[in-house]
């Protein structure tokens, strides 16, 4: 409590009568009792509230005193931007209402949207793993455009932050995707002739789309960590951001790392920071990961990189893989959707549904990586 | 130990206190350890009075020994067994979650830990009509999935809404907020001790590893201390306030890299009294299978190594309430 005026603290007198001693201590000064005349400036407090028999108060009163003190101390401290001091609790019913009003970010591949339950959900972290060239960055660029779709067309009308660690962001590709998206929306608005759709379409131009994607380039893990931990300040200034993409979270952490336990700690801290951002600012976080080979019982399996503990970090996990010239997306982990696999394709217009339907027997037989490597071994 | 002062017990007057202070006997412990004959002589106090005083103070301040039968009676009246809503899991846990204990669910990614926690929350809120606190630290809590689980149990929307209102959700993503929240909860519950309705009976922490692992390991030792403080808070919550605590834990590799074991190390392994391990059913092979094996790895009541199979796609729907009371008695 800053010692401006003791009487400003409403429970001061109640405290005086109950608390045996509060020691306050300013840097460099002797420890003195803060129940004496309060002095200006910040003071840190070591509080000992001893219940019976010294002061003659019961345990409940001691608990209440501690709670009053904590509330007063917290109320006087200046609040930091974006963080709430006390933990907000809400009932599951309120959470359900919030989820119903929340939108999803569509991917333009209706099969993928279906298995995700409507699209990429807000307030959750989604991880996309895949071998090189399967379409992870394409999906990220598509989502950076899709997040800006106006609400009357079913989008969330937000902005995007793109953090690039591999240098795979191509502006001309994003321009192509944006142009295709604008044309698609124009076709839809042809059916609706009301003013709202026309007006929204006027704002949805190439310049606007590109100017609302905020691009950051990070060259090593220190820059990436710094960027992520500085994001809250950026997000308070740009409150319309609804999507944060980190393209290539594995790349900076996979080489030049001698201390593996440090890597685990940093990654876990990063994961917690991401889910905390997603929750506090109501945005979606997309992370892309690479694949690595794991030798398990003399079998070679293709698994996501960064180790076992990283598997728990993201809330939703998608794995993209190839199956004889067709791309597939598998939902591996989700709190509300079942595991399933769907085909998709990358066209010049962007991320879309697969054109040819794959026969179901083939899709069912080669879903498990372990089975696939067994088949290959049998062939050899 | 209590400082001697006037009025602490009948017969302890202010002048006796001052005389004893003169002989440097200031607390009850000092008085219990002192040689009373000597004190009586030097302070000119009556020996009989001092002996009587010491007897009264010892009776007031020493711990009460309890015999086993009384302890058993007390446990029988104060412990409640809360069914999880999944019959095979209840078999493993010896009829359900015990209040006063910490139960741990460990498993790899996508093995179903969050689904089991949601099922427990839904069952306790709906069938047992008790309050639940769900502490979410990795974004797994989805209210629409909770609604799905409730809709499988009852079609009445009022009852669904009532059950959802009984589940409180707190989003905490770092350990300091979690400690703050648990301490607030303890304070709030201690104050409401008389009001038996409306108190939380189950606290689910999903997951405790997510908040602790950014701190463990390396040169600093604070991580371990913070983890043990969290453990202490959870155990106090369980024991003193009669709450069943459920935590989820991740799996890490063994030192030789062969098998999987629950994360957070050996120190944490002493905290929960019951531990179960979730794993994908081996041999099923196909992706999209929602079958999981549940294995009991630590229990104070059942032999370890018991295994059951559960289906996380249809959690708790095949178990209807008329079956359970027969199992519990």
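Here are a few things to note about the model shown:
- With a 10 Å cut-off around each Cβ of A:337-349, the average count of Cβ atoms from other chains is 1.
- Prolate/oblate/rounded call for segment A:79-202, Cα gyration tensor, a/c under 1.5 rounded: oblate
- Most to least packed among B:99-108, B:221-230 [average Cβ atoms within 10 Å]: B:99-108, B:221-230
- Averaged over the residues of B:170-181, the number of partner chain Cβ atoms lying within 10 Å of the residue Cβ comes to 4.
- Per residue of peptide A:93-102, the mean number of Cβ atoms on other chains within 10 Å of the residue Cβ is 5.
- For the options B:203, B:17, B:243, a Gaussian network treatment of chain B with springs between C-alpha atoms closer than 10 Å singles out B:17 as fluctuating the most.
- Our summary gives chain B a relative contact order of 21 percent, counting only alpha carbon pairs under 8 angstrom and 6 or more residues apart.
- Highest-fluctuation residue, B:298, B:26, B:235 considered, GNM on chain B with Cα pairs under 10 Å: B:26
- Highest-first packing order for the peptide set A:198-205, B:184-191 is B:184-191, A:198-205, based on the mean count of other beta carbon atoms within 10 Å.
- Gap separating the Cα centres of segment B:4-31 and segment A:150-166, nearest whole Å: 74
- Distance from the alpha carbon centroid of segment A:191-249 to that of segment A:256-280 works out to 23 angstrom.
- Cα-based shape type of segment A:172-242, given that a ≥ b ≥ c are square roots of the gyration tensor eigenvalues and the cut on a/c is 1.5: prolate
- Whether segment A:111-157 is rounded, prolate or oblate, judged on the alpha carbon gyration tensor where a/c under 1.5 counts as rounded: prolate
- Protection proxy ranking of B:63-74, B:170-181 - average other beta-carbon atoms within 10 Å, highest first: B:170-181, B:63-74
- Cα convex hull of segment B:151-279, projected area averaged across orientations, nm²: 10.3
- Segment A:288-346 versus segment B:70-123: alpha-carbon centroid distance in Å: 32
All of the numbers you see were taken from the coordinates with simple rules; none came from a lab. Just so it is clear, the model here is predicted, and its values are computed rather than measured. Neighbour counts run over all protein chains shown; Cβ positions are idealised from the backbone, glycine included.
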